[in-house]
1. Sequence-distant or interchain residues sharing an amide H contact under 5 Å with B:T76, placed H: which?
2. Fewest Cβ neighbours within 10 Å first, please rank B:E128, A:E55 accordingly.
3. Can you compute the helix-only [θ] at 222 nm over chain B? Use -39500 (n - 2.57) per DSSP H run of at least 4 residues, normalise by all residues, nearest 500 deg cm²/dmol.
4. Looking at the protein assembly as shown, what % of its DSSP beta bridges pair antiparallel, to the nearest 5?
5. Test of understanding: in a Gaussian network model of chain A with alpha carbons linked when under 10 Å, which of A:D161, A:D230, A:D272 would top the mean-square fluctuation ranking?
6. Quick check on the protein assembly as shown: what are the equivalent-ellipsoid semi-axes from the Cα gyration tensor, as sqrt(5λ), descending, whole Å?
7. Non-local amide H neighbours of A:S92 (under 5 Å, H modeled in plane, Pro and chain starts lacking H): which ones?
8. What order do you get for B:R95, A:R246, A:R266 when you list them from fewest to most C-beta neighbours inside 10 Å?
Amino acid sequence: MSAALELSGLSKRYGKTWALEDCTFTLPEGRVCALVGPNGAGKTTMLHCAAGLLEPTTGDVRVLGRTPEPDEDLLSRIGFVAQDMPLYPSFSVEEMFELGARCNQRWDGDAARERLARVRVPLDRKTGTLSGGQRAQVALALALAKRPELLLLDEPLASLDPLARREFLQTLMEAVAMDGTTVVLSSHLVTDLERVCDHLMMIRDGRLRLAGDIEPLLREHKILMGPRRDRISGVAEVVEQRGTDRQMIALVRLDGVVLDPMWEIRDVTLEDLVLAYLGDGPSDPGRRLEAVNG
Amino acid sequence: MMIEFRLDPRTGVAPYLQIAQQVKNALRLDFLQVGDQLPTVKEVVGSIAINPNTVLKAYRELEREGLVQGRPGIGTFIVKGIAGPPPNAHLALRRSLMRWLKSANDAGLDAEGVAALFESAMRDSIEEETA
């Protein structure tokens with residue numbers, strides 16, 4: 001399967017600050033990828049690099065097999081919705097569509113209008129007078145009207161109420177079902193992401209912490225609860241650990257079978273995984289559990 | 001549409017299994033029958049906002065079990081029903097469960113202990129089934 005997005009050693013520096021450092025990542029076509037990380041982790045910078053809006057300081061970005069920046073034909077195959085849902089406030093929705101039709105070679109305005117009608121967005125209203133949820137739907141419809149092969153969405157859910165979030169994701173998933181669009185979606189709202197995303201890219205302090213298909217990631221991570229131990233066989237990595245002198249709770253990555261019957265083994269949710277990897281790692285490192293192979 | 005789905009994020013059951021179970025329950029309760037068409041992937045994701053692959057996986061699972069059949073370009077159809085257990089089966093199972101509960105009680109397990117044991121045994125048995 002070919003890659004929709006490929007980062008190799010991607011780094012971006014603003015002045016003296018490295019916003020992204022040495023990120024290497026491959027996103028196969030057709031995936032819906034959650035881009036997760038705390039504020040200031042570099043999510044927006046990464047999306048801007050992928051959209052061809054920023055040039056990497058070092059390293060390489062390839063979108064649909066090509067370098068994004070100077071390539072206009074390629075840009076027409078990428079959809080990008082910035083964080084603030086940029087629309088011209090004095091334009092009506094219909095006028096935004098006319099503008100889109102003139103600026104893009106590939107344009108499917110009819111499907112987009114139909115989508116908006118279904119979520120009750122009036123086409124004759126000026127975009128500046130629409131609600132946040134309606135503006136998000138218009139921005140998404142405009143991006144989807146390009147029939148993009150890769151769609152990049154920067155925090156599209158952040159300002160939406162739960163109903164608007166659900167409607168936004170319904171529209172997005174319909175487009176994925178129909179066109180097989182690859183999507184990268186940055187967000188904090190892990191419970192919403194869990195339903196729609198099948199791939200994960202997690203960054204912290206500009207570095208990639210964890211990436212891959214979500215299902216295998218959830219399968220190989222477990223929460224262990226039980227008496228304090230210095231080592232447990234079957235554990236490849238301790239991601240997070242807390243507890244007392246006697247008892248401990250650890251989120252671990254397994255590479256074998258935990259045979260010790262004293263341990264209760266629980267499945268992890270995407271939220272458990274995200275919080276564990278974004279945390280500072282096992283506290284009290286002097287007494288941390290050692291990973292034992294085999 | 002013959003059936004709509006609902007996902008419960010708190011059960012810990014994988015979303016694709018929840019969808020497959022809801023189809024099977026509908027077959028058991030007879031409000032889905034042989035010949036009925038399942039909603040299209042687009043209809044499902046447009047209604048419950050989940051990843052299309054989750055729906056495909058659920059339908060593939062049902063196909064593997066021989067309950068539905070995908071017809072390319074047309075849709076996914078029910079080809080086999082699930083016969084419910086004979087009427088006496090519930091009663092007999094209930095009796096043996098009551099006997100088991102009594103022995104658990106005699107062994108000193110309280111209601112919470114029974115629930116925890118049952119849940120973990122269920123998990124193991126589901127894992128064995130799907131393995």
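Here, each number is a calculation from the coordinates, and none is a lab measurement. For clarity, every value in this text was computed on a predicted model and none was experimentally measured. Neighbour counts run over all protein chains shown; Cβ positions are idealised from the backbone, glycine included.
1. Amide H to amide H, under 5 Å and 5 or more residues apart or across chains, B:T76 pairs with B:L38, B:R71.
2. Listing B:E128, A:E55 from fewest to most nearby Cβ atoms yields B:E128, A:E55.
3. One gets -18500 deg cm²/dmol as the mean residue ellipticity at 222 nm.
4. Of all bridge pairs located within the protein assembly as shown, approximately 70 percent are antiparallel.
5. Answer for the Gaussian network model of chain A: A:D230.
6. Sorted largest first and rounded, they come to 42, 32, 18 Å.
7. A:T127
8. By the 10 Å Cβ count, ascending: A:R246, B:R95, A:R266.
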